[in-house]
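The values are calculated or read from the model by the stated rules, or taken from the named source; none is laboratory data. Keep in mind that this is a model prediction, so the values were computed, not measured. Here the Cβ is made from the backbone with ideal geometry for all residues, glycine too, and neighbour counts use every protein chain on show. Quick note on the areas: whole protein, heavy atoms, side chains included, nothing else; ligands and nucleic acids left out. Shrake-Rupley method; radii C 1.70, N 1.55, O 1.52, S 1.80 Å.
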Amino acid sequence: MTQPSPVRVRFAPSPTGRFHIGGARTALYDYLIARQTGGQFILRIEDTDRKRFVPGAEAELMDGLRWLGLDWDEGPDLGGPAGPYRQSERTQIYQDHAEQLVASGHAYPCFCTPQRLAEVRKLQQQRREPPRYDGLCRRLDPAEAAQRRADGESAVIRFKTPREGETVSVDLLRGEIRVENASLDDYILLKSDGLPVYHLAAMVDDHLMDITHVLRGSEWLPTFPLHVLIYQALGWEQPIWVHLSVFLNPSGKGKLSKRHAQGKDKGAGGVYVTDLQAQGYLPEAINNWTALMGWSLDDHTEFFPMSDLIESFSLERLNPSPAAVNFSKLDHFNGLHIRGLPLEALVARIKPYFEAAKLELPIGEDLLLRIAPLIQERIRTLDEAVEMAGFFFSSTVDPDPNELVGKKMTPAESAQAVRRAVQAIEAVESFSSAALEQGLRELAEELDLTAGQLFGILRAAITGQRVSPPLMESMEILGRSLVLERLRQADQALQKVAAAE
């Protein structure tokens, strides 16, 4: 098999909002083909839209990428041969290229005021015409336009889109896309304040940074022909264009909406990477999940560690069809990756969640190493470790008295069963899970109870929960003294319920 040529790809987010799973998928695909081919993965910050700039957004993006394991080779923090890597630091470069397009007749200054443009748009709407620039300044003599600019008159730079023929754009996933030039607008390239818009800045940067493959969202398809025309006007070889599938709401209807940002407790997993991190999702699971929303290796393989993704991923197997976001699938993948962690790694990942919960007792790693095997098969997210095993770090538990009543039993019968369990546990010589299970199963038979009846009472009394890690192993970790203390408290609670009947 021939080794593919090294690629140069870029993830180019705008710091205008939070780090979305859509952006995470684009970055992942960039990262995979860069690592697979021995190429470079570049981070570029497209921060020329100052009106929508959000303080802290760039830091969240970079922190999220690092957490996902998507380390870049060149970027604002690392530098590199094609820097600067923030567009706000490259303004002169864009202005120079805009002037080059004006000089070659592929762009022109436009002096129209916002008021005139609004009036033109209003008339077009009345005539039910598509809104676009009417070309008034396109018809200006270039010498006159140059003089007006020299005199200080405010102007934007517009691309001089051909009026005849068609533009053929080629997307790797969609093939040829043909558009009649007459349907295209004369888009603004450079604003009157000298700052570029995406259409100019991204094309210039991709060329100067030697980007070989441009992976981006399908929302750029409507202006794709313009980007091709800019490349042609500047005489540049185009990169390979890849417009990725759009994310749909879990119902499969409509583009993924911000209402799914609330988090899993609201019926969704969340659409922001840092929120998913806080909710206990693993970066490995998020990468696995997002990779399969738009790509597949075959019709059955689903579990992908990063090393397997790097080996298996290919642009040719991307699917351009919209992908419905399935948060249940994320839970599934997260559980798989949790179960695949070595115990020491699992302990390192769950420990911060226990510490954040501010439980009574110290969170020791030795104790967590004993607990981890009991919960590894039972939790879907890391934060569920606290819900499942927080009782290990509490001096007391406070079960609902009704939960202490066994199935088809009275409070008095349940209290009696607890007292007999205390006696059985006191009599166990070796306080091990095996010895405890043997003694308590014998007790259940003696009391003419099912193991489920007796163990359900004990589980509620010892853990304070209806669902817990394996009961006997939990008792062994808690120790005889604490187990007996909790059972005696449960006996007292049951006696109060019985007396009140």
## Note on the structure
Picked from region 339-350 (must be assigned to a helix (DSSP H, G or I) and more than 18 Å from Asp275 (Cα to Cα)), the residue most open to solvent (accessible area, probe 1.4 Å) is Glu344
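Can you give me the ranges of the helices (runs of 4 or more DSSP H) entirely in region 365-440 with at least 3 residues that are over 30 Å from Ala285 (Cβ atoms)?
Hits in region 365-440: 411-427.
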### Task
State whether one or more residues within region 333-345 are among the acidic types (Asp, Glu) and under 33 Å from the mean Cα position of the chain (by Cα).
yes
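Within the group Glu219, Glu237, which residue is among the charged types (D, E, K, R) and out of contact with any strand residue (DSSP E or B) (no Cβ under 9 Å at 6 or more places or on another chain)?
After ruling out the rest, the residue left standing is Glu237.
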## Note on the structure
Of (1) without any contact (Cβ under 8 Å) to a residue 24 or more places away in the chain; (2) within 22 Å of Ala233 (Cβ to Cβ); (3) open to solvent by less than 70 Å² (accessible area, probe 1.4 Å), Gly79 satisfies every one except (2)
### Query
Taking region 421-445 as the search range and keeping residues that are charged (D, E, K, R) and open to solvent by less than 100 Å² (accessible area, probe 1.4 Å), which one is nearest to Arg459 (Cα to Cα)?
Glu437
### Query
Pairs under 8 Å by beta carbon, first residue at pLDDT 95 or above and part of a helix (DSSP H, G or I) in region 283-308, partner of a type in the set (Phe, Trp, Tyr) and open to solvent by 50 Å² or more (accessible area, probe 1.4 Å), six or more apart or different chains?
Pro283/Trp67; Asn288/Phe303
## Note on the structure
When region 451-501 is checked residue by residue, the ones that are closer than 28 Å to Gln376 by Cβ, without any contact (Cβ under 8 Å) to a residue 12 or more places away in the chain and among the polar types (S, T, N, Q) are Ser481
### Task
Kindly indicate the residue of region 478-501 that is among the small types (Gly, Ala, Ser) and part of a helix (DSSP H, G or I) and also surrounded by the most Cβ atoms within 10 Å (Cβ to Cβ) among those meeting that condition.
Ala490
### Query
Across region 446-471, what is the total count of residues that are crowded, with 18+ Cβ neighbours inside 10 Å and part of a helix (DSSP H, G or I)?
12
### Message
If I filter region 200-239 down to residues being free of Cβ contacts under 8 Å to residues at least 24 places away in the same chain and part of a helix (DSSP H, G or I), which single residue comes out as nearest to Gly75 (Cα to Cα)?
### Response
Trp220
### Selection count, region 8-44, where residues are over 18 Å from Thr212 (Cα atoms), open to solvent by less than 10 Å² (accessible area, probe 1.4 Å) and free of Cβ contacts under 8 Å to residues at least 60 places away in the same chain
1
### Query
Looking at region 170-189, which of the residues that are in a strand (DSSP E or B) and either aromatic (Phe, Trp, Tyr) or in contact with a Lys or Arg (Cβ under 9 Å, 6 or more places away or on another chain) (or both) is farthest from Arg138 (Cα to Cα)?
Leu189
#### Entry: Selected residue (only one of Arg132, Arg149, Arg163 is surrounded by 13 or more Cβ atoms within 10 Å (Cβ to Cβ), closer than 29 Å to Gln238 by Cβ and touching a residue at least 12 places away in the same chain (Cβ under 8 Å))
Arg132
### Query
What do you reckon, is Glu144 open to solvent by 70 Å² or more (accessible area, probe 1.4 Å) and either hydroxyl-bearing (Ser, Thr, Tyr) or in a loop (DSSP other than H, G, I, E, B) (or both)?
no
#### Entry: Where a residue in region 353-371 is β-branched (Val, Ile, Thr) and its partner, wherever it lies, is open to solvent by 50 Å² or more (accessible area, probe 1.4 Å), with Cβ under 7 Å and at least six apart
Ile363/Glu355
